[in-house]
Each structure stands twice: as structure tokens, then as C-alpha cells.
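Working notes for the structure below.
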């Protein structure tokens, strides 16, 4: 059996010819205990139960998941943006934004260079699993309907795995068949056009094969379907048309308007199919990550990764990462907004900060008069933040607040579960716990904004605005005197910027901002210093003198209620009596300074040195490979 396992390992390693670096490791997946010493036994593929176990494992390693569930040192650069203060704890994320040094060739390891069976350790191992299935299932004796639904899911999973690689590296090695000692992949990095063609081919195959496959919500939520494959195809074509892959000012790679036309057609099809399937915006923005289930429950969710808080190794630690310390949390800086993120939210009528007369902006009372998604996303100092079943619970974010950590002016509350107690919020992979909430990678709002992007770039500003308007109406923005703020965007360029900002707000902390900045080639335009907001006491404690802290936290005479629970923080005079807002800029950070060649990263030196024809990306040390060729 060990010989069989090693044979299978050698086959996947050969994809990038990294056998010299990668030790044979025991794969615990029982499906890989194959009787054929070549690693393939056709009889295995004849049994739908065996194939389903194999497919389940592919879902485990390939499907998207909550941010920070994977090892941060491999993925920090992909979370870095102007959205969050995450670089505070990740050197590579700092470098990705130019805040502290620059990225080197060994700082980006998205493919991984080891494989222990865990998600993301090596995406080419994940691809190898799909390649085996795609090569062998067609000859299976399994009945055609079942065979097609299984094969269609493999095609879709291979497509998303390659898509994520191409988003990061441009052209990548593209093995599409099983590898073995006598069939070692030696074609190096393939042109981006060829990679996109392969991804789209996989999705087209999935669309055909998954026709009629409609798994139930109980045991089928999270599985690939024709609808999902169609939506993914539309997103892939959006990326192919976007500036990252279709730059307008690069004479070596002429801009192609036809790409936008193709993207428009695919995104219209995806949008129409979603509408026909009953997909629609959830009435309450805050419910998006608090309600699970299919169309009749969470009408917005399309592509999800399911979790459970009762099954070991099937949960996630997000609940603890967003919760305040007083409620059993261990707040992570990924969920700490920068001042740029806070300022991205418009006012209640959709107009940017300092431009609305009906809803003026006050930097002291910064949470007032804002786009309602601000309150739905953030818990500000003294605001109501229900947790542990306490609907009237208030959150106190001022530095030195009893039972809380310092530095969090606001908490991200849209991924928390109000009824979950502090003790139940703790996730332990061995026993479960946490919220068990699904991760929603693709939802109807993104389908709408992807479609709006395509409409805008092909001259249909009116149609694009209509889609954004629907999203703003759901958010609770009022029409005002400028059509929900859309009246300020009178050109394609202006609406392009508005849509990009809309995505930043709508998908706050959903791990889309980094990709959006790179897709739009706007990441290198970030300027200024990374900063965050802190709430401090006007009269902070000094030695034995507790002053405001003591006044706020001591009970009102004759009661057991602390004074802070009785004050009106929405009254400016009261608020400024006790609190002041302070912008904090880490003096060890340099200003944002992202090189343009970072729109495509390079492979780790391990892959370059020990792989076969895997060239570094131009712009990086020793780089000769053009990621757009």
C-alpha cells in the first residue's frame, strides 16, 4: 500500500518536476490506495461512491473559504489592500503595499512547495486530482447521468483552481492530463491567452455536463452546478477584458475592445440565468452572512463553501477573529479597517464625503448620516452590537475600555452571530464550535456589479447605473437630489470609479479588494500613509487618577448600571466630553508604493530552480517571462 501511495505522489510531483524537493508523504485519502502500481485502476472510476469520496476531497482543497483559514505566511500578500490594517502583523503584506521594503522572488508562494493534503499547500496537486478524474471518468462504466454530473464538477473545480493561479501569475504551467514518470510536463509557463482558453473550455464543459444537475439544499449546497459554472465563466471573461490582462496603455499588448463585448454577453447570460433561478438581493444587507440555505432562505448566495460548528474539522475561526475581547474574541487586524476604508462609504444619499448638503459629514461623529452599510458593517464606540443573545448590548471601543483590546475604533460585525455566546464562539478543529456559517464566495450582488462593469465599458451607462441603483436601494441609501449619488457619474470613467468604490463597500472584508485593485490596475495608484482610527479618552487615566475611565465604568449612584451605558454617544457635546478620535499612522510604515509589475507575481525560486522551464516574471529579479504573452 505504501508503494501505491508513493507512486501516486510521484505522479502529482512530476507536474512541476519538484520531486527533488518534495518528500513522499503519506496521503490519508483512502481513495488513493490503488491496486494498480501505475496509480490508476479503471474499476475505481466505475464506482460512483468511490468517485464521490475523491470529489469531496477535491472540494476540500480547491473550494474558496473564509479569509485567514489558510496559513497566513503563504497568503498575506493576497489580503493586502487599502481596506484593512492587516499588514500590521504580516511582513509580506507590508511589502506587497510598499509600506515596508519590497517583495522579493521568494515572498509569494501561492502554489506552495510542500503537500501534506491540506487546502492550498500546492495547487498543482489539487489540479492533479482533477486531471486524474477528467482523464478516467469518460471511460467509466458508470451510468451516464451520474458520470456527467461528477465529471462536470471536476471541470469546474479545475477551472477555478487555474483561474486563481492565473489571476496571481498571468501565464502559468498548464498540465491538463495525469502526469507520470514517462509523461513529465515540460512546456513551462504557457501564455495567458492559452490559460484563459483552457479555463473557459473547462467551464463550457461543466455547463454542458451539469445540465439538469440540481442537488438539494440539504446535501447539495456548495456543489458546482450549471448556474455556478455560467457565473464563473462570466467572471473569467470579465477578468480577461479588464486592464490587468487588457491594458490600454501597453503598446506590446494592444487593447482589445472585443474582449469587453464577449464579457458583456457572458455576464448578461449569467445575470439572466440567476434571475430565472430565483436569485435576488437579500432584503437586509446584514443578513447575507447570517442566513444560510438555498433560494428560499438566502436568495443571494450562489457559490458557497459549507461549514459546520458541530462536525470536527468542518468549522472556521472567523467568529473569534471578528468578535471583541469581551465576547470571547481575539480580534484580527485583517478585520480592522483603515481610514481609507472608512472614508470610502458615502453619505446617506450616496454622495461622497463632504459633498452632501442634506447629509453633512462631521469627522467627529463620523458614523452619522452615512450609507447604511456603514452601520451594518461596523460596530462603533457606544453603538448597539447584539452578541450572546443580548439585543441591547453596547460595544465600547475606546482605548483602555474594561475587557477590550486597544486600537479597535470599530469592529467588523457582519460576520458575527448575535445569538452565539462567548464560550460557543471558540472554534476547535477537533471538536467544532464557532458559528459554522457558510462562506459565500459568489453572490448575486457580484453578478450584478460584474454585469454593470461590462455595460459601462461598452457604453451602456444607463444600464450599468440601474444595477448599481438596485444595490444602493437595498442598502437603504435615499434617492436624494442626485439619484442615489449616481447622478455624479456622467461618464464611463466616472462610473468606472464609482463601481470600483461600490464594490469596496458592498464586499467589505470579503477578500475581493486586493483582486479588484489588481484587476483594475489601480493598486499602484494608492498614495499616502496607511492609517487607522482610535477612540481615546479626553482625560485618560494617569497613575491612580482614573478620571474619565472611572466615571464611565463606575455604576450610576443607586444602580448597578455603569454610566457609559446611559450616555447618548450620538449627542456631540456628550461624546466630546469623554472621547476624542485620533488617526494613528504607524511611523515604521512607508507610504503606499506598489510597483506596476506587481500586477503579476513571480513563482518562488524553488519552482524556478527545480522546475522545468518555469521562468521568473518580468520586473522581478531575473525575470524574462511576459505574463501577458
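Every number in this text was worked out from the coordinates using simple rules, so none of it is lab data. As the structure is a prediction and not an experimental result, all values here were calculated from the model. For neighbour counting, all protein chains shown are included, and Cβ atoms are generated from backbone atoms with ideal geometry for every residue, glycine included.
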The range 334-492: C-alpha pair distances exceeding 24 Å, %: 48
Radius ratio Rg over Rh of the range 284-399, counting only Cα atoms, Kirkwood formula for Rh: 1.01
Estimated FRET transfer efficiency (residue 291, residue 384; beta-carbon r; R0 22 Å; 0.05): 0.65
Ascending count of other beta-carbon atoms within 10 Å, so fewest first, for 613, 549, 394: 613, 394, 549
Inter-site label distance for residue 483 and residue 538 at 7 Å from Cα along Cβ, in nm: 4.5
Normalised contact order of the range 220-373, rounded percent, pairs of Cα under 8 Å and 6 or more residues apart: 14
Rounded D (µm²/s) - the range 141-182, Kirkwood Rh over Cα pairs, Stokes-Einstein at 10 °C, 1.306 mPa s: 129
When the convex hull of its Cα atoms is projected in every direction, mean area for the range 210-282 (nm²): 6.4
Inter-probe distance in nm under a simple model that places probes 7 Å from Cα toward Cβ, at residue 70 and residue 551: 5.1
Volume of the Cα convex hull of the range 134-251, divided per residue and given in Å³: 121
Cα long-axis angle, helix 444-457 against the chain (0 to 90 degrees, to the nearest 10): 80
Estimated inter-spin distance, residue 501 and residue 624, nm [label 7 Å along Cα→Cβ]: 4.6
Length-normalised contact order of the chain in % [C-alpha pairs under 8 Å, at least 6 apart]: 17
When the range 322-380 is reduced to its Cα atoms, the Kirkwood hydrodynamic radius in Å: 12.5
Hull shadow area, averaged, the range 499-590 [alpha-carbon convex hull, nm²]: 10.0
The range 209-249: Cα Rg divided by the 2.2 N^0.38 Å rule of thumb: 1.66
Reference-scaled alpha-carbon Rg (2.2 N^0.38 Å with N residues) for the range 533-629: 2.19
Order of 86, 509 - criterion: other Cβ atoms within 10 Å of each residue's Cβ, fewest first: 509, 86
Square roots of five times the Cα gyration tensor eigenvalues for the range 392-433, Å: 23, 13, 10
Modelled FRET efficiency - R0 41 Å, residue 253 with residue 612, Cβ distances, 0.05 increments: 0.95
Ranking of 154, 162 by count of other Cβ atoms within 10 Å, fewest first: 162, 154
Residue-averaged [θ]222 nm for the chain, counting only DSSP H segments that reach four residues, each worth -39500 (n - 2.57): -11000 deg cm²/dmol
Nearest-0.05 FRET efficiency for residue 576 and residue 177, computed from C-beta distance (R0 60 Å): 0.35
Debye intensity ratio in log₁₀ form over the Cα atoms of the range 422-490, taken at each q of 0.15, 0.19, 0.25 Å⁻¹: -0.62, -0.77, -1.10
Rg(Cα)/(2.2 N^0.38 Å) for the chain, N = residue count: 1.00
Rounded to 10°, Cα long-axis angle of helix 2-13 versus longest principal axis of the chain: 70
When the range 231-326 is reduced to its Cα atoms, the Kirkwood hydrodynamic radius in Å: 16.8
Angle between the chain longest axis and helix 257-276 axis [Cα atoms, degrees, rounded to 10]: 80
Rounded, prolate or oblate (a/c below 1.5 giving rounded, otherwise prolate when a/b exceeds b/c) for the range 406-553 by Cα gyration tensor: prolate
